[in-house]
1. With angles folded into 0 to 90 degrees, how steeply does helix 22-45 sit against the dominant principal axis of the chain? Use alpha carbons for both and round to 10.
2. List the relative contact order of segment 23-135 as a percent without decimals, with contacts defined as Cα pairs under 8 Å and 6+ residues apart.
3. Could you compute the net charge surrounding residue 131? Neighbours are other residues with a C-beta less than 15 Å from the C-beta of residue 131; K and R count +1, D and E count -1.
4. Determine the relative contact order of the chain: mean sequence separation of Cα pairs under 8 Å and six or more apart, normalised by residue count, in whole percent.
5. Along Cα→Cβ, 7 Å out, is where each label goes; now give me the distance between the ones at residue 22 and residue 350 in nm to one decimal.
6. Keeping all protein chains in place, calculate the accessible area per residue for the chain (probe 1.4 angstrom), answer in Å².
7. For segment 415-459, which whole-number percentage of the solvent-accessible area (1.4 Å probe, protein heavy atoms only) is attributable to carbon and sulfur atoms?
8. So for the chain, taking the charge dipole from beta-carbon charges (+1 Lys/Arg, -1 Asp/Glu), which of 135, 42, 158 sits furthest toward the positive end?
Amino acid sequence: YVAAVYEHESILSPTPAALVERRSALELMGRNLDIYEQQVVAAARQGAQIIVFPEDGIHGFNFTRSSIYPYLDFIPRSHSGKWNPCREPYLFNDTEVVQRLSCMALKNKIFLVANLGTKQPCERSDPQCPSDGRYQFNTNVAFATDGTLLASYRKHNLYFEYAFDTPPEPDYASFDTPFAGKFGMFTCFDILFFEPAVNLIKQYNLKQIVYPTAWMNQLPLLSAVEFQQAFATAFNVNILAANIHHPTLGMTGSGIYTPVKSFIYHNMESYGGKLIVAEIPVITADYRTNLEKTPGRVSEKGKGQSPPSFYAEMMYDNFTFVPVWGEEGELQVCANSLCCYLNYRRAVLTDELYALGVFDGLHTVHGTYYVQACALVKCGGLSFSTCGQEVTGATALIDFQLWGNMSTSYIFPLLLTSGITLDFADHMGWKNNHYFLSKNRTSSGLLTAALYGRWYEKD
């Protein structure tokens with residue numbers, strides 16, 4: 001099927017904390033919706049059957065709970081497929097944004113997914129009802145080609161979003177399409193947690209995901225395109241990921257991903273939005289078998305001396321590293337119950353320092369979640385203290401086999417190359433209770449090759 005995602009540079013309120021009238025909130029959102037409208041037309045012209053827009057694209061961010069209020073639409077809780085906002089605008093008040101989105105889908109005969117802020121009054125008798133008597137949600141909506149509102153999803157894992165509430169129960173949102181079956185949806189930070197993202201995919205055996213996000217890139221392990229691709233690979237799903245475009249905030253990185261191929265956009269240099277349109281196969285059955293060819297030799301440990309280990313901070317976590325010296329070698333580094341192993345060979349010895357790092361513990365900055373990671377990274381300079389820094393360029397071409405005795409089955413294989421481009425492993429999968437990732441010669445200089453494990457039970 002043909003899918004489209006739009007990386008949108010939102011027109012932002014210069015004073016998001018100021019209280020404004022609904023009229024001026026609608027005026028600002030209207031300017032973003034005008035851009036959406038042009039992109040829907042462009043995508044439909046290129047044959048797209050579905051288009052996805054980013055998180056916060058319509059209203060922006062940095063609001064307070066009260067200042068976002070005029071920007072919020074109303075959506076009835078149980079609407080699935082029963083309400084067409086474009087054709088029945090009179091049914092509810094404060095639905096101007098939803099109406100416009102519904103009409104774009106209808107006019108262009110396209111499935112449309114977007115993110116907006118919504119409100120829902122609640123009763124004092126509801127113990128979770130906020131003191132102002134209303135819920136405010138960060139919400140995704142999906143419309144059919146006739147403008148019907150098919151599904152809505154309220155973001156569960158908020159990322160310092162003080163204007164919004166966490167829904168009382170996780171939403172498991174999905175909708176049907178004639179061209180690719182069921183699509184599931186969740187938002188941004190949700191991708192790192194079991195609820196509702198992983199649970200949704202497992203319970204409903206979903207193979208297509210729509211994913212609005214407003215993601216701040218964090219190298220070396222959590223760049224948007226890097227993690228989006230790893231998620232598609234780990235769960236054997238297609239992901240249509242739309243990010244916001246604000247390079248000054250480190251926000252870029254959208255794409256259309258299959259487990260074995262991707263069409264991405266990552267641009268920290270220029271401004272303006274970007275439409276990506278690509279044709280991808282519908283995933284029906286698991287075609288994992290092609291990933292789980294058994295890896296090459298599992299070498300015996302203990303040949304020669306391992307170089308000295310050292311500690312350095314990476315992604316706010318204290319990693320234990322060993323330097324990757326010389327043209328080839330075999331390394332091991334352990335922390336807690338996790339041991340990581342690396343066999344490597346460099347085509348040409350460059351003056352770049354690489355290190356193999358391990359972390360097995362609770363990550364506590366910008367969210368709390370348990371991580372088990374084995375990571376081969378390029379360091380920022382030639383001293384050990386630079387390992388773990390954000391690096392975007394590299395020249396070393398390395399053949400490697402990386403493996404670890406991971407305690408969780410949720411492993412996200414990361415493979416990032418120079419200029420924030422993606423590469424694909426030759427082999428990956430489980431063997432003898434170890435998870436493997438191997439690659440002969442990356443397509444360009446290696447930035448990161450990692451096994452990023454999420455041990456959800458220990459969150």
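The values are calculated or read from the model by the stated rules, or taken from the named source; none is laboratory data. Predicted, not measured: the structure shown is a model, and the values here were computed from it. A quick note on method: Cβ atoms are made from the backbone with ideal geometry, for glycine too, and the neighbour counts reach across all protein chains shown. Side chains are part of the model used for accessible areas, which takes the heavy atoms of the whole protein and leaves out ligands, DNA and RNA. Shrake-Rupley method; radii C 1.70, N 1.55, O 1.52, S 1.80 Å.
1. 60
2. Details: 119 pairs, mean separation 38.3, N = 113.
Dividing the mean separation by the residue count of segment 23-135 yields 34 percent.
3. Every neighbour counted, the sum reads 0.
4. Details: 1169 pairs, mean separation 57.1, N = 459.
Answer for the chain is 12 percent.
5. Simple spin-label model gives 5.7 nm for this pair.
6. Result: 39 Å² per residue.
7. It is 45 percent, rounded to a whole number.
8. Value: 42.
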